[in-house]
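These notes concern the structure reproduced below.
The values are calculated or read from the model by the stated rules, or taken from the named source; none is laboratory data. Source: prediction; values computed, not measured. Glycine gets a Cβ as well: all are built from the backbone with ideal geometry, and neighbour counts include every protein chain shown.
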Amino acid sequence: MNRAALLVLADGRFPAGGHAHSGGAEPAVRAGRIHDARSLAAFCRGRLHTTGLTAAALAAAAAGGLDPLELDEAADARTPSPALRATARKLGRQLMRAARATWPSGELDALAAARPRGAHQPVVLGLTARSAGLAPEDAAYCAGYETVSGPATAAVRLLSLDPFEATAVLARLAPELDRVAGRAAELAGRAAREGLDALPAASAPLLDITAEAHAGWPVRLFAS
Amino acid sequence: MHLDHSHSGPAAVSADALRPDGRRRALRIGLGGPVGSGKTATVAALCRTLRDRLSLAVVTNDIYTREDAEFLLRHAVLPPERIQAVETGACPHTAIRDDISANLEAVEDLEDAVGPLDLILVESGGDNLTATFSKGLVDAQIFVIDVAGGDDIPRKGGPGVTTADLLVINKTDLAPYVGSDLGRMARDAKEQRGELPVAFTSLTGEDGVRPVTDWVLARLAAWTA
């Protein structure tokens, strides 16, 4: 157990490709749904409790040693938007590269060999946490935090939002992230005993719809 | 210049000289520089000159559009399967320096799809004078500025001008019209760069990209030696 590894993995500068993605914030900004710190907070809260919970549970399950290939299928089943599936695999592939350089392991090599085009990012994230000696709940924290830190960073660039306000939004969400990560780890534990159907399948239909539209924009700042 | 060790399993890690299948990978050269200095035009000219002699591919890093990739496609400098666009999330310098994962993926995909390749040109999105490429992404880098951007740019220095393996000062044909002193630019560049080479180009002339082509071929000869 090496808790400090969590700081390295959760650092926004960890080179795994996330900087080019807005987590749905770009279409939400264009539609006027995110226009200030308050609406950013509402967007992040919604994302945390839906796709955030699902991603966190997948990550916790992978960190707990469940079969990553089965988890990858479970992630596919929980990601109805083809555009978001493609994004999740792309980011999974990019994270895999960084993970194999930072915390090399046979399990990462095996998943990379089985999914050369990339497994879903939360699954790779969980396996990375496992390789780093972290616990399932640590992986859940990391996955949950990414679902809100990505849009917050993107909103700063898209709206020229005050970065202090955007960071304060993340700070205010911390207690909710505690609950989501705890719940995700608990459900991952149940999945280990009862099967993968115990994993949550919370989703945000509007994020799915806007992700599909965004993928067709000819001019955009973010890849997703 | 490069890390010559191999990793097991699929996907080499950044600077590895060998691909997972044991073949030597392509030489990767980055082209960076401010907006409008002629990076894409230089890439296009290099492709036209070298495409019959070498197996080539290009990765573009556009800031918010696919314009650079589309320019190369429109001018048919290479078949479309040899050009890949990377999206950079409004941070072109991050994608070529701090987090190179998307660019490495593009490079890897090109080698898989149209390889074996001799040379991959990685073009940065137009950025500022501090943008440089990571050594994990490219083996050598070219920084492209132009005389119309002001003849004081070499004097100002910055990481691009000072450390690039080749500094290209483009659009020399415009110098008389914008009041730029090429002699002064050459002296200032020498002052900043010491023995590192500087190439003056005018892409409007016949084989105007020649000094860059010669430099690239010399790097390639060293890479394959």
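Worth a mention:
- Residues within the stretch B:95-108 that are more than 16 Å from the chain's Cα centre (by Cα) and either under 21 Å from B:PHE143 (Cβ atoms) or at pLDDT 95 or above (or both), tallied: 2
- Single residue of A:LEU111, A:LEU91 found to be within 11 Å of another protein chain (Cβ to nearest Cβ), crowded, with 24+ Cβ neighbours inside 10 Å and within 21 Å of A:PRO200 (Cβ to Cβ): A:LEU91
- Among the residues of the stretch B:29-44, some residue qualifies, meaning at least one is in contact with a helix residue (DSSP H, G or I) (Cβ under 9 Å, 6 or more places away or on another chain) and free of Cβ contacts under 8 Å to residues at least 60 places away in the same chain.
- A residue that is in contact with a helix residue (DSSP H, G or I) (Cβ under 8 Å, 6 or more places away or on another chain), among the basic types (Lys, Arg) and touching a residue at least 24 places away in the same chain (Cβ under 8 Å) occurs nowhere in the stretch B:91-98.
- Within the stretch B:90-111, being in contact with a Lys or Arg (Cβ under 7 Å, 6 or more places away or on another chain), within 10 Å of chain A (Cβ to nearest Cβ) and outside any loop (DSSP other than H, G, I, E, B) holds for B:ASP98, B:SER101, B:LEU104, B:GLU105.
- With respect to the conditions (1) within 14 Å of chain A (Cβ to nearest Cβ); (2) buried (at least 17 other Cβ atoms within 10 Å of the Cβ); (3) outside any loop (DSSP other than H, G, I, E, B), B:GLU70 lacks only one, and its number is (2).
- Residues being within 14 Å of chain A (Cβ to nearest Cβ) and modelled with pLDDT of 90 or more - total across the stretch B:75-89: 3
- Given (1) aliphatic (A, V, I, L, M); (2) surrounded by 23 or more Cβ atoms within 10 Å (Cβ to Cβ); (3) within 30 Å of A:GLY216 (Cβ to Cβ), number of the condition B:ALA26 does not satisfy: (3)
- All positions within the stretch B:145-161 that are surrounded by 19 or more Cβ atoms within 10 Å (Cβ to Cβ) and over 15 Å from B:GLY205 (Cβ atoms): B:ILE145, B:GLY149, B:ASP151, B:ILE153, B:PRO154, B:GLY160, B:VAL161
- Condition met for A:ALA152 (in a helix (DSSP H, G or I), surrounded by fewer than 24 Cβ atoms within 10 Å (Cβ to Cβ) and within 14 Å of chain B (Cβ to nearest Cβ)): no
- One residue from A:ALA86, A:ALA75, A:ALA62 being within 27 Å of A:ALA132 (Cα to Cα), in contact with a Pro (Cβ under 6 Å, 6 or more places away or on another chain) and either in a helix (DSSP H, G or I) or more than 14 Å from every other protein chain (Cβ to nearest Cβ) (or both): A:ALA62
- Residue check for A:GLU165: surrounded by fewer than 16 Cβ atoms within 10 Å (Cβ to Cβ), out of contact with any His (no Cβ under 6 Å at 6 or more places or on another chain), at pLDDT 95 or above and more than 14 Å from chain B (Cβ to nearest Cβ): no
- In a residue-by-residue description of the stretch B:52-66, the property of being over 26 Å from B:GLY89 (Cα atoms), assigned to a loop (DSSP other than H, G, I, E, B), within 14 Å of another protein chain (Cβ to nearest Cβ) and modelled with pLDDT under 80 applies to no position.
- Subset tally (residues that are surrounded by fewer than 19 Cβ atoms within 10 Å (Cβ to Cβ) and either within 13 Å of another protein chain (Cβ to nearest Cβ) or at pLDDT below 80 (or both)) for the stretch B:1-18: 12
- Exclusive hit being farther than 25 Å from A:ALA37 by Cα, of a type outside the set (Ser, Thr, Tyr), in contact (Cβ under 8 Å) with a residue 60 or more places away in the chain and assigned to a helix (DSSP H, G or I), set A:ARG183, A:ARG157: A:ARG183
- Hey, B:ILE142 within 14 Å of chain A (Cβ to nearest Cβ), out of contact with any His (no Cβ under 8 Å at 6 or more places or on another chain), within 14 Å of B:GLY32 (Cβ to Cβ) and surrounded by 24 or more Cβ atoms within 10 Å (Cβ to Cβ) or not: no
- Test: B:SER37 is at pLDDT below 95, surrounded by 23 or more Cβ atoms within 10 Å (Cβ to Cβ) and part of a loop (DSSP other than H, G, I, E, B): yes
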